[in-house]
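Everything on this sheet refers to the single structure shown next.
The values are calculated or read from the model by the stated rules, or taken from the named source; none is laboratory data. What you see is a predicted model; the values in this text were computed from it and never measured. Neighbour counts are summed over all protein chains in view; Cβ atoms, including those assigned to glycine, are modelled from backbone coordinates with ideal geometry. SASA here: full protein model, heavy atoms, side chains in, ligands and nucleic acids out. Shrake-Rupley method; radii C 1.70, N 1.55, O 1.52, S 1.80 Å.
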Amino acid sequence: MEVMEDYILEMRNITKTFPGVKALSDVNFKVKRGEIHCLVGENGAGKSTLMKVLSGVHSYGTYTGDIVYNGRVQKFRGIADSEYKGIAIIYQELALVPELSIYENVFFGHEIMNGGTINWNETIVRAKEELKKVRLDVDPSLKVKSLGVGKQQLVEIAKALSKNVKLLILDEPTASLNEDDSANLLDLIKELKSQGVTCIMISHKLKEILAIADTITVLRDGSTICSMNTAEEEVTEAKIIKHMVGREIDNIYPKREKKNIGDVCFEIKDWSVVDPVKGREILKNVNINVHKGEIVGIQGLMGAGRTELAMSVFGNTPGYKITSGEVKMDGETVRFKSPKAAIKAGLAYVTEDRKGNGLVLIQDIKFNTSITNLEELTNGLAINENEEIKVANYYKEKMNTKAPSILQKVGNLSGGNQQKVQIAKWLFAKPKVLILDEPTRGIDVGAKYEIYSLMNKLVEEGMSIIMISSELPEVLGMSDRLYVMSEGVITGELSAEEASEEKVMQMAISSNPVTLEK
């Protein structure tokens, strides 16, 4: 029989209800002292809600059940209460102040005081110590905004360690990181474990979970399904998926029933773009084409220029300077002065930043679905609300969006369901060519499968899709053809049949076009 002292945390029979939905139903969750415990489940399974209950975001009295931490029942009324006890949570959206220095960020909210003033000398010395713990060798006086996402993540962890953290919660810590930064972060988590810090990690990346976890707990539909000790039983991706979705998914990349690939319908020719702020060329003579009914993948390491290509074509959204090139749709040259013009011509762009640029989080599903094509719903000067409701309900059903109704605020949906709403809004614009930028970032395997199936259905119906993705298996699994980018240049083009991880990576790290030996 296990001794209670072995556990730093027990969450007993936690139930949490929001208007119209029960997010957690009698959840039991136990974490051993000094372990790395991974929490997995589909979007909407209740993982983030459970951690918000633990950290005091959902304060004592707004849920039922008990939080037992270090053997005592806790009544956290806010984050300050849980932090005081040594619990820190780091969200996917980092809580740093970009304009402040690293050392100011590390001690933000718990400044080192000397009488009534901040002791800046001591702050800098202590910040260096915390940065050393996370293996970040940078000048602490640098502004946070000058760092890449991977290093910002380390600053966030240094900030948590400066509060003498005993239980560190990481919510999707590698979702926005490249492979090197992800590997570095996972090594750091293992190092923190050796120093006595207990970690709870929420992630959709099953390979990372299997590489790092001592225990894996699966939530589904707000309930605990199982906990697996990786030292005592063989845990595989297939086993985790089966528990997560309640069924086996044999092939995460569904096969297309029929391929009706037609003529070239979209071309980008000799496309060169300069960033006027930084004064450097970010795209150089890019040439790609897309056939009707085809999924074309665009792969490359972070900073290769994939998103910049999409945004400069789609109405030149950030105001890049296009120095040469042309875009052709159905053989005719087009140049979009605004996203509205691109939409009208049949081009749609699903941004990678769904929360920042893709959705209006304070508005409901209905509003977010109809916003791209209000002309179709306008009756004279007013919007035909009955038609708007019909459209929103149709796409909610088509996308299998899990929400009580179309009047649910999008900000209250899980990441996977937010992504479904974002794709739905662009489908309502009825595009001929759909650009999907990181379509499955931060969403679970079940929601990924649904999005892949939808992509297959759309191209079977004659739409063309350009898929930008950092996940190499995803690009290889879904593309009919793919282009590889590096430093703003197309370094190679591969058919699905000839593409492999080795070939793509060889092209992704080159700064010149690569000709592979046959």
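Counting only protein heavy atoms and using a 1.4 Å probe, the accessible area of T401 comes to about 10 Å². Would you please state which residues of segment 450-486 a label at N400 would reach in this model, taking the label point 7 Å out along Cα→Cβ and a backbone N cut-off of under 12 Å? The answer is 450-455.
Quote the convex hull volume per residue of the chain, based on C-alpha atoms, as a whole number of Å³.
181 Å³
Can you list residues from other chains, or at least 5 along the same chain, whose modelled amide H is less than 5 Å from the amide H of S223? Under 5 Å from the amide H of S223 lie the amide H atoms of S25, each far enough along the sequence or on another chain. Each residue of segment 484-498 was assigned a 3J(HN,Hα) from its phi angle through the Karplus expression (A = 6.51, B = -1.76, C = 1.60, θ = phi - 60°), giving 10, 10, 8, 6, x, 10, 7, 9, x, 9, 9, 7, 4, 5, 8 Hz with x at Gly and Pro.
Residues whose amide H lies under 5 Å from that of Y7, counting only those 5 or more places away or on a different chain, are R33; hydrogens are built 1.01 Å from N in the peptide plane.
With a Förster radius of 22 Å applied to the beta-carbon distance between E179 and D221, the computed FRET efficiency rounds to 0.10. Among the GluC sites (Glu not before Pro) in segment 152-250, those located in a DSSP loop and surrounded by at most 12 other Cβ atoms within 10 Å of their own Cβ are E232, E233, E234, E248. Apply the Debye scattering formula to segment 7-245, with a single equal point scatterer on each alpha-carbon and no solvent, then give log10 I(q)/I(0) at q = 0.07, 0.09 Å⁻¹. The calculated log intensity ratios at q = 0.07, 0.09 Å⁻¹ are -0.23, -0.39.
Ligands, DNA and RNA excluded, the heavy atoms of R12 present near 80 Å² of accessible surface to a 1.4 Å solvent probe. Across the protein chains, with a 1.4 Å probe defining accessible surface, the residues D221, D6 rank D221, D6 from largest area downward.
Convert 37 °C to kelvin, take the viscosity as 0.692 mPa s, use the Kirkwood radius over C-alpha pairs of segment 361-430 as Rh, and evaluate the Stokes-Einstein diffusion coefficient in µm²/s, rounded to a whole number.
For the chosen part, D equals 278 µm²/s.
Here segment 121-191 and segment 306-348 have alpha carbon centers that stand 38 Å from each other. In summary, the aspartates and glutamates within cross-link reach of K52, defined as a Cα separation below 18 angstrom excluding same-chain residues under 8 places away, comprise E10, D26, E42, D66, D81, E83, E93, E156, D171, E172, D221. With a 1.4 Å probe rolled over the protein heavy atoms of all chains, the accessible area of S227, S48, S272 falls in the order S227, S48, S272, largest first. Contact order, relative form, for segment 361-430: 50 percent (alpha carbon pairs under 8 Å, 6 or more residues apart, mean separation divided by residue count).
Which percentage, to the nearest 5, of the DSSP beta bridges contained in the chain is antiparallel?
60 percent
Placing unit charges on each Cβ (+1 for Lys and Arg, -1 for Asp and Glu) gives the chain a dipole about its Cα centre, and among H204, G148, T224 the Cα reaching farthest toward its positive end belongs to T224. Over 23 Å apart: what share of the alpha carbon pairs of segment 335-465 falls there, rounded to a whole percent? Value for segment 335-465 (Cα pairs over 23 Å): 28 percent. Couplings 3J(HN,Hα) for segment 264-281, derived from phi with the Karplus relation 6.51 cos²θ - 1.76 cosθ + 1.60 (θ = phi - 60°), are 4, 10, 8, 9, 10, 10, 6, 8, 10, 9, 10, 8, x, 6, 8, x, 10, 6 Hz, where x marks Gly and Pro.
In the chain, helices alone account for a calculated mean residue ellipticity at 222 nm of -9000 deg cm²/dmol, with every DSSP H run of four or more residues adding -39,500 (n - 2.57).
Our compactness index for segment 285-335, the C-alpha radius of gyration over the empirical 2.2 N^0.38 Å, is 1.22.
Taking amide hydrogens as placed 1.01 Å from N in the peptide plane, the amide H of F336 sits under 5 Å from those of G315, each at least 5 positions away in sequence or on another chain. Among the protein heavy atoms, those of K239 account for about 70 Å² of accessible surface (1.4 Å probe, every chain in place).
The distance from the alpha carbon centre of segment 49-87 to that of segment 387-437 is 34 Å, rounded to a whole number.
A DSSP coil position with no more than 15 other Cβ atoms inside 10 Å describes the following GluC sites (Glu not before Pro) in segment 1-90: E2. The HN-Hα couplings worked out from phi for segment 210-216 by the Karplus form 6.51 cos²θ - 1.76 cosθ + 1.60 (θ = phi - 60°) are 5, 6, 10, 7, 8, 9, 10 Hz, whole numbers, x standing for Gly and Pro. Could you give log10 I(q)/I(0) at q = 0.18 Å⁻¹ for segment 30-140, computed by the Debye formula over C-alpha point scatterers of equal weight, without solvent? These q points yield log10 I(q)/I(0) values of -1.09. Note: relative contact order over the chain, using C-alpha pairs below 8 Å and six or more positions apart, is 15 percent. Averaged over residues, the count of other Cβ atoms within 10 Å places the peptides 167-175, 116-124, 338-346 in the sequence 167-175, 338-346, 116-124, highest first.
Taking a straight Cα-Cα cut-off under 16 Å and skipping sequence neighbours fewer than 8 places away in the same chain, the lysines within cross-link reach of K163 are K85, K128, K132, K133. Here the simple spin-label model places points 7 Å from the Cα toward Cβ, and for T236 and N384 these points are separated by 5.3 nm.
The stretch between N393 and K340, if pulled fully straight at 0.36 nm per residue, gains 16.7 nm over its current Cα-Cα span.
Take every DSSP beta bridge whose two residues both sit in segment 7-245, then give the antiparallel share in percent to the nearest 5. Approximately 60 percent, going by the DSSP bridge assignments.
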